[in-house]
1. Roughly what angle does helix 108-126 make with the longest principal axis of the chain, taking Cα atoms, 0 to 90 degrees, to the nearest 10?
2. How big is D, in µm² s⁻¹, for the chain by Stokes-Einstein at 25 °C and 0.890 mPa s if Rh is the Kirkwood radius over C-alpha pairs?
3. I want to verify a result. In a Gaussian network model of the chain, Cα cutoff 10 Å, which of these has the top mean-square fluctuation: Leu62, Leu101, Leu75?
4. In terms of the ratio Rg/(2.2 N^0.38 Å) built on C-alpha atoms, what value belongs to the range 28-92?
5. Report, to two decimal places, the Cα Rg of the range 74-122 normalised by 2.2 N^0.38 Å (N = number of residues).
6. For the chain, what is the charge dipole size about the Cα centre, in debye to the nearest 20, if Lys and Arg each add +1 at the Cβ and Asp and Glu each add -1 at the Cβ?
7. Highest mean first, how do 30-40, 64-74, 48-58 rank when packing is the count of other Cβ atoms within 10 Å averaged over residues?
8. Based on the mean of other Cβ atoms within 10 Å per residue, sort peptides 1-8, 90-97 so the most packed one is first.
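Nothing in this text is a laboratory measurement; each read-out follows from the coordinates by a stated rule. In this text, all values refer to a predicted model and were calculated from it rather than measured experimentally. Neighbour counts are summed over all protein chains in view; Cβ atoms, including those assigned to glycine, are modelled from backbone coordinates with ideal geometry.
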Amino acid sequence: MKALLKFAHFIDGISERLGGISTILVVITVTIGFYNVVARYVGRYVGVNLSSNMWIETQWYLYSLIFFLAFPYILKHGDNVRVDFWYVNWPAKGRALVDFLGTLLFLVPFCILGIYVTITPVLFSWGRLPNGSWGTW
């Protein structure tokens, strides 16, 4: 039992660190987004292209990282957007039941669907085709 608790604390520590990294990535993403907007409008005004697709792509990749890395932290602390406005005054058992059913009926199927939809493109991008053969790059 001690080994399992130690492992759980280890995973919780990883979730906490990922949450901290995500907060830094949010600031960087907002800064890049602000630069993109300012550069686009100032560039139009002066007639020079000051923005770049690199910054737009960087913003999207950082947003994806935030979503991916912050999710364990959000689930651990219960900060995700749920039906809080309904059950804020409910007893703990009622909230736990809603959380359990929400996870079982929405989160788990969403994760399974995400894996199902993305497995072929991921394998293809690595060069391994779904039929087991290796494609060419």
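1. The angle comes out at about 40 degrees.
2. Using the Kirkwood radius from Cα pairs, D works out to 129 µm²/s.
3. Leu101
4. 1.74
5. Expressed relative to 2.2 N^0.38 Å, the Cα Rg reads 1.44.
6. The dipole of the chain has a size of about 140 debye.
7. Listed from highest to lowest mean packing, they are 64-74, 30-40, 48-58.
8. Most protected by this proxy first, the peptides run 90-97, 1-8.
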